[in-house]
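Single-structure report; data block below.
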Amino acid sequence: MLDTPLVSGLELSPPVLVRLISYTRDAPRLVAAAARITVSKKPVEKAWDMPSSEIEKWIRELIRRGHGSPLEHAVYTFEVVCSRVCSHQLVRHRIASYTQQSMRYTEGFLRQMVIELCQFSDVECPEKPRRRDDYALYSSILRWAAGLVDRHDERNGVETAKILEAVSRAFVLNPKWNFGTMLSHARIHLQAAAEYYKMLAEGLPREDARFVLPQAVRTRVVFTMNARELLESFLPLRMCSHAQWEIRLLAWRVREELVRIHPEIFRYAGPRCVFQENRVRQEPCRLEDYVLGQCGFTIERCPELVPRQGIANCLGLAAQSSRW
């Protein structure tokens, strides 16, 4: 079910979009200086003055010893687009700040889907529906598309592909689902969206109409976490192969962004097996070294109870599934 690609060349929207929008610019030096003053009588400005090699040495020592408080001074803010399923998991990380797009005031992702379907069907639709007739038109277009998906065969394969692409603008679809699963989800999403706009056409407020929408509907979230929360909680838990696929993908994308700007801090970040292994090693290893087999595991089992001999394979599966 999960291993068969749908159609090569299908232009689905990515399941998850991640963008780093703000961060503590000199975080590695700040973290290292904060760590340094805990064992020195020097003031911060003196501790701040150190070569790059010293910065990385202090950070490695923090990770190895589990001395987390200096990491809390570095903060990172991301914008992500994901499903409501994923956002519900994301906000369970409590040492963070969140701001989420309200579906009471906007249904922008749904509108994008409908406008694309209108263009495909040569029907003129308002980009900003304001009247009940506009919502009724949206609903009818969605029901038409759902019916076309329901009647899919080889003769309307191109039309079905275009509809699936449009559906992915509003709802998260797993690109690794097989063709039948993709169609089934798309039909359900189209029918639910049609019912949503029918309710708006009947005068129901958005806060009530949204009850019928599936949790796969896209949402936008801005969240801020400090480096300690990222290194010790979020990334270890959510990068693991046992995590749900969408938030696992989000976590791997977050790590990529963090390594890009501050490799001194985040090159050692990874799933819980990596986090635990780096706590017992004389020197921590990068995630990439574990994935490539250049660093082995010494722990008897990971926190997910995978025995030592199976950890490398489990980590490899998680890394492979993050490449979409």
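Here are some notes:
- Net charge of neighbours whose Cβ lies under 13 Å from the Cβ of Arg143, counting Lys and Arg as +1 and Asp and Glu as -1: +1
- The chain - Cys residues lacking any other Cys C-beta under 4.7 Å: Cys240, Cys314
- Whichever lysines have a C-alpha closer than 25 Å to that of Lys46, once near sequence neighbours (fewer than 8 apart) are set aside: Lys57
- Charge dipole magnitude, Cβ of K and R +1, D and E -1 - the stretch 107-212, Cα centre, debye nearest 20: 180 debye
- Fluctuation leader among Val85, Val274, Val259 - the chain, Gaussian network, Cα springs under 10 angstrom: Val259
- With contacts taken as Cα pairs under 8 Å and at least 6 residues apart, the stretch 107-212 reaches a relative contact order of 36 percent.
- P(r) histogram, all alpha-carbon pairs of the stretch 224-288 included - 10 Å bins from 0, percent: 23, 59, 18, 1
- Sites Glu61 and Gln215 - FRET efficiency at Förster radius 51 Å, r taken between beta-carbons, to 0.05: 0.75
- Of all accessible heavy-atom area on the chain, the percent that carbon and sulfur account for (1.4 Å): 49 percent
- Helix axis angle, 157-170 relative to the chain longest principal axis, alpha carbon, degrees: 50 degrees
- Over the chain: Rg over Rh, Cα atoms, Kirkwood Rh: 1.07
- Between the Cα long axis of helix 245-261 and the first principal axis of the chain there is an angle of about 50°, rounded to the nearest 10.
- Note on Gln294 and Glu207: their simple-model spin labels are 5.5 nm apart, each label 7 Å out from Cα toward Cβ.
- Here the Gaussian network model covers the chain, with springs between Cα atoms less than 10 Å apart; of Lys198, Lys128, Lys176, Lys128 fluctuates the most.
- Checking every one of the GluC sites (Glu not before Pro) in the stretch 192-228 against DSSP loop status and a limit of 12 other Cβ atoms within 10 Å picks out Glu202.
- Dipole moment magnitude, nearest 20 debye, the chain about Cα centre, only Lys, Arg, Asp, Glu C-beta charged: 960 debye
- Whether the stretch 83-187 is rounded, prolate or oblate, judged on the alpha carbon gyration tensor where a/c under 1.5 counts as rounded: oblate
- Note on Asp26 and His93: the model spin-label points, each 7 Å out from Cα along the C-beta direction, lie 2.6 nm apart.
- Using a Gaussian network model of the chain in which every pair of alpha carbons under 10 angstrom is joined by a spring, one finds that among Pro129, Pro70, Pro175 the greatest mean-square fluctuation is at Pro129.
- Average accessible area per residue (Å²) across the chain - probe 1.4 Å, nucleic acids and ligands excluded: 49 Å²
- Compared with the direct C-alpha span, the chain from Ser184 to Arg131 gains 16.0 nm at full extension, assuming 0.36 nm per residue.
- Under the Debye formula (equal points on every Cα, no solvent term), log10 I(q)/I(0) of the stretch 143-278 at q = 0.15 Å⁻¹: -0.85
- The GluC sites (Glu not before Pro) of the stretch 49-148 that DSSP puts in a loop, and whose beta carbon has at most 10 other beta carbons within 10 Å, are Glu124, Glu127.
- Helix-derived mean residue ellipticity, 222 nm - over the chain, DSSP H n ≥ 4, -39500 (n - 2.57), to 500: -15000 deg cm²/dmol
- Modelled FRET efficiency - R0 35 Å, Trp48 with Gln100, Cβ distances, 0.05 increments: 0.45
The values are calculated or read from the model by the stated rules, or taken from the named source; none is laboratory data. Please read all numbers here as calculations on a predicted model, not as lab measurements. Ideal geometry is used to build each Cβ from the backbone, glycine not excepted, and the neighbour counts take in all protein chains shown. Heads up: the accessible areas ignore ligands, DNA and RNA and are worked out on the full protein's heavy atoms, side chains in. Shrake-Rupley method; radii C 1.70, N 1.55, O 1.52, S 1.80 Å.
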